[in-house]
Amino acid sequence: MAMSTPNAGNHPDALADDIVLRADNLRTHFIMGARAAKSVDGVTLTVRRGQTLAVVGESGSGKSVTSLSIMRLLAHPGRIVGGRLLYRMRDGGVVDLATLSDKRMRAIRGKEIAMIFQEPMTSLNPLYTVGDQIMEMIRLHEPVDRHEARTRARRMLELVEIPAPDKRLDQYPHEMSGGMRQRVMIALALACNPALLIADEPTTALDVTIQAQILDLMRRLQREIGMSILFVTHNLGVVAEIAHEVAVMYAGRVVEQAPVHDLFARPRHPYTKGLLACIPDAKRDRADDGTRKMLNPIPGSVPSVLALPAGCAFAPRCPLAEPHCETAPPELLNASPEHLTRCWRHELL
Amino acid sequence: MTDTTQTTQQPDAADILLSVRGLSKQFSTGSGPVKAVEDISFDVRRGQIVGIVGESGSGKTTAGRCLLRLVEPSSGEAIFDGVDLFSLPEKALRAYRRRLQIIFQDPYSSLNPRMRVRDIIGEAIDTHGLAKGAARQARIEELLTRVGLSPEHARRYPNEFSGGQRQRVGIARALAVEPELIIADEPVSALDVSVQAQVLNLIQELQRELGLTMIFISHDLTVVEYLCDEIVVLYLGRIMEQGPARSVYANPRHPYTRALLATAPVPDPTVRRERVILQGDIPSPLNPPSGCVFRTRCPHAIAACAETVPTRETVGSGHSVACIRQAELVETYQD
Ligand SMILES: Nc1ncnc2c1ncn2[C@@H]1O[C@H](COP(=O)(O)OP(=O)(O)OP(=O)(O)O)[C@@H](O)[C@H]1O
Ligand SMILES: Nc1ncnc2c1ncn2[C@@H]1O[C@H](COP(=O)(O)OP(=O)(O)OP(=O)(O)O)[C@@H](O)[C@H]1O
Ligand code: SF4
Ligand SMILES: [Mg+2]
Ligand SMILES: [Mg+2]
């Protein structure tokens, strides 16, 4: 289990100019006595400036653990045990978040990188008004007085299109609808104008009409503010709506990253292909007279993070697997210059 | 399912297994009465899957539970095989409880964690005295095989299963009593897509091979379009539109249905759709809008929409819409 070089200094050569964040073979494990849950075990992904990278994967694939690793907010006994998380600061310097000191991380959280959590009540404190929470976030990072902070907080609520912002500032989270709370969380995350927003399933709990409003809002904010977004979701429909690029996770690894059109037009990993094929689509799966065709589920189930297969984690379920796949974990290969896949046999796809 | 105004003319009325008429349910809460379901009518034909869709709080679960009298309806009728379930005394209801079963959304909380799978399924068999001893054992094994599990799973506890497997156990439990109608309340919503596909295939096999009739509650329009024969669209406890799924999806006539279909994300980045984004939130059911309950978010609302509750008008075979402007709006829809 090789540790990354503990180097908190600059890595100027390691990131191309248009890249805000690059995870390089990130490995985050939960170590419980002699057992290790390898929740994240080889995540390589790239977020480009001003763009949205959607991280998509099924439950337990390691999306939230990846997000929390970037924020360095892992709960015990979770620990980054390998890999790098190169991040380009607003001043141009590059740091490795995986090894940065806690003190420097505190200055980065909220100001450089902000996160919307999957569990809404992780971000919003039920005991404080919405206004107080946004003001506190602003004053944590910037030397402004209460009055100024309140003005800024009010402006944030306007930015996320909350009607009657003055009244809302003095309300508690439980007095708001789900959609309204999600807007408040976005306002809170954007209060200090971060360069990178990590949004972990920000619309999953919402109704489709409210989800459409929030996706629209996030697209508009990105255009106006120019922030980069790492958008975590398990919904490929949402991916198609919001992403510029997509990283697909399976059993703790990114198995494929590509621009969104390339990924949907020609997935280069059998898992991605299988996922797209099993979403019901009445146009494809129902004949003209209305009779249904059976869906094509991926056989079997996801392996446990406590006992990952030795080779490709997808091999036991993969229609293309050959003996080599079962012993050798695939490297991240270029299917085309912008299209990466962890599949030995991607040329067959 | 047919439009209510046509029921009397239906030549194949014998096909109708369940006929719901004017179902309403009010809850009294500390803050006042909540009209969770208001004057719902629809029919369910033998062998069909009827989808009930709508956003959170639209009354889908309440409607489903009223049909089983897990929640007592405030008014209405539910004629099942000639008998009104709502007016049956508790004792007579027991016989019908076997013929209608429910599958719950949450495969995690709907199974007792301290019971082995064989006891979970066995309990349903015992309640209705359907089999004993070796026959009971054989039936449990048959059911497990039927839902794609193996007989050796009978000894295990729910926490030893994945979400999809637990949902299979829930389905096996419902099937144990040989029901004629299954009400499935979001049975695949908690599952990942690859597991969801497995369970949707199972549901279809059951429909084909056992001739099951099902009410399938969901907020996922893509799944409903694929799976269901008929569809009922609810908003704030009322039916906005209903009809054969193909007709409603090909030709949605209610502004709410149209907005729902336009905003449901589809897994295809090349699709550029007419974006009708509904403004605002779903109103509180404690204080629903007068007239058409959808009017506060409807892009086509006019003053008259606040005046009267729209009645359902037939727009096609079995396809009906509750919107006073539906006829004039058709011309503005460019499909
Ligand atoms: N605190 C923890 N202790 C032990 N294992 C953990 C812990 N947190 C997460 N894991 C495990 O790590 C794996 C990845 O979890 P993660 O929450 O990242 O999944 P996810 O992709 O976000 O899933 P979901 O879509 O359900 O949110 C899971 O197997 C999970 O059980
Ligand atoms: N026992 C109850 N007491 C009071 N109000 C209730 C009760 N059960 C449901 N309601 C209210 O009735 C309305 C309909 O709820 P219901 O659960 O039927 O909606 P649903 O369509 O199933 O929503 P979801 O998609 O969230 O499951 C809601 O406003 C809900 O708050
Ligand atoms: S009746 Fe009026 S408010 Fe209701 S949907 Fe039709 S146009 Fe809109
Ligand atoms: Mg998660
Ligand atoms: Mg419900």
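Kindly indicate which of B:ALA327, B:ALA304, B:ALA322 is surrounded by 19 or more Cβ atoms within 10 Å (Cβ to Cβ), away from ligand 5 (no atom under 16 Å from the Cβ) and away from chain A (no Cβ under 14 Å).
Every option except B:ALA322 fails the conditions.
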Quiz item: So which of B:ARG118, B:ARG98, B:ARG69 is part of a loop (DSSP other than H, G, I, E, B) and either away from chain A (no Cβ under 14 Å) or within 16 Å of ligand 1 (Cβ to nearest atom) (or both)?
Solution: B:ARG69
Exercise. Would you point out which residue out of B:ILE239, B:ILE203, B:ILE182 is within 21 Å of B:GLN165 (Cα to Cα) and in a strand (DSSP E or B)?
Key: B:ILE182
Exercise. Grab the helices (runs of 4 or more DSSP H) fully contained in segment A:73-173, keeping just those with 1 or more residues being modelled with pLDDT of 90 or more.
Key: A:102-108, A:130-141, A:146-159, A:165-169
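On the basis of being away from ligand 2 (no atom under 16 Å from the Cβ), touching a residue at least 60 places away in the same chain (Cβ under 8 Å), surrounded by fewer than 18 Cβ atoms within 10 Å (Cβ to Cβ) and outside any helix (DSSP H, G or I), does B:THR314 make the cut?
Taking the combined requirement at face value, the residue satisfies it.
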Exercise. Determine which single condition B:VAL169 fails, assuming it passes every other condition in (1) within 30 Å of B:SER317 (Cβ to Cβ); (2) among the β-branched types (Val, Ile, Thr); (3) surrounded by 20 or more Cβ atoms within 10 Å (Cβ to Cβ); (4) in contact (Cβ under 8 Å) with a residue 40 or more places away in the chain.
Key: (1)
Self-check item: Matching entry among B:ALA259, B:ALA245 (being closer than 15 Å to A:ASP207 by Cα and either more than 16 Å from ligand 4 (Cβ to nearest atom) or without any contact (Cβ under 8 Å) to a residue 12 or more places away in the chain (or both))
Solution: B:ALA259
Self-check item: Single residue of A:ALA313, A:ALA307 found to be in a loop (DSSP other than H, G, I, E, B), at pLDDT below 90 and more than 9 Å from every other protein chain (Cβ to nearest Cβ)
Solution: A:ALA307
Quiz item: Does A:THR66 satisfy the condition of being polar (S, T, N, Q), under 13 Å from the mean Cα position of the chain (by Cα), away from ligand 3 (no atom under 16 Å from the Cβ) and within 14 Å of chain B (Cβ to nearest Cβ)?
Solution: no
Quiz prompt | Those residues of segment A:245-277 which are within 10 Å of chain B (Cβ to nearest Cβ) and either outside any helix (DSSP H, G or I) or more than 17 Å from A:ASN334 (Cα to Cα) (or both), in sequence order | solution = A:VAL246, A:PRO259, A:GLY274, A:LEU275, A:LEU276, A:ALA277
Quiz item: Tally time: how many residues in segment B:255-284 are of a type in the set (A, V, I, L, M, F, W, C), facing chain A (nearest Cβ under 7 Å) and assigned to a helix (DSSP H, G or I)?
Solution: 2
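Matching residues to (1) within 12 Å of the chain's Cα centre (by Cα); (2) modelled with pLDDT of 95 or more; (3) more than 11 Å from ligand 2 (Cβ to nearest atom); (4) within 22 Å of A:SER177 (Cβ to Cβ):
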| site | (1), (2), (3), (4) |
| --- | --- |
| B:LEU23 | no, yes, yes, no |
| B:SER28 | no, no, no, no |
| B:SER31 | no, no, no, yes |
| B:ASP39 | no, yes, yes, no |
| B:PHE42 | yes, yes, yes, no |
| B:SER56 | no, no, no, yes |
Quiz item: Can you tell me which of A:GLU148, A:GLU112, A:GLU119 is out of contact with any strand residue (DSSP E or B) (no Cβ under 9 Å at 6 or more places or on another chain) and of a type in the set (Asp, Glu)?
Solution: A:GLU148
Exercise. Select from segment B:206-222 the residues that are of a type in the set (Val, Ile, Thr) and surrounded by fewer than 24 Cβ atoms within 10 Å (Cβ to Cβ) and write down the one among them that is nearest to ligand 4 (Cβ to nearest atom).
Key: B:THR222
Exercise. Determine which single condition B:PRO252 fails, assuming it passes every other condition in (1) of a type outside the set (Val, Ile, Thr); (2) over 18 Å from B:ALA63 (Cβ atoms); (3) within 10 Å of chain A (Cβ to nearest Cβ).
Key: (3)
Quiz prompt | Condition check for B:ARG114: surrounded by 13 or more Cβ atoms within 10 Å (Cβ to Cβ) and of a type in the set (Lys, Arg) | solution = no
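The rows are residues; the columns are (1) buried (at least 23 other Cβ atoms within 10 Å of the Cβ); (2) touching a Ser or Thr at 6+ places or on another chain (Cβ under 6 Å); (3) assigned to a loop (DSSP other than H, G, I, E, B).
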position	(1), (2), (3)
B:ALA14	no, no, no
B:PHE27	no, no, no
B:VAL34	no, no, no
B:ILE40	yes, no, no
B:VAL50	yes, no, no
B:SER56	no, no, yes
Quiz item: Which residues, counting only those in segment B:195-210, are under 13 Å from A:GLY300 (Cα atoms), out of contact with any Gly (no Cβ under 7 Å at 6 or more places or on another chain) and within 7 Å of chain A (Cβ to nearest Cβ)?
Solution: B:ALA197
Quiz item: Which condition number does A:PRO280 fail, the rest of (1) under 15 Å from the mean Cα position of the chain (by Cα); (2) within 8 Å of chain B (Cβ to nearest Cβ) being met?
Solution: (1)
Practice problem: Working only within segment A:196-214, note down all residues that are without any contact (Cβ under 8 Å) to a residue 60 or more places away in the chain, more than 8 Å from chain B (Cβ to nearest Cβ) and among the hydrophobic types (A, V, I, L, M, F, W, C). | Solution: A:LEU206, A:ILE214
Practice problem: Would you mind stating whether A:ALA243 is under 30 Å from B:LEU234 (Cβ atoms), away from ligand 4 (no atom under 16 Å from the Cβ) and small (Gly, Ala, Ser)? | Solution: no
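Give me a count of the residues in segment A:42-61 that are at pLDDT below 95 and buried (at least 22 other Cβ atoms within 10 Å of the Cβ).
3
The values are calculated or read from the model by the stated rules, or taken from the named source; none is laboratory data. In this text the structure is predicted, and so the values were computed from the model without any measurement. Cβ coordinates were reconstructed from backbone atoms using ideal geometry, including for glycine residues, and neighbour counts include every protein chain displayed.
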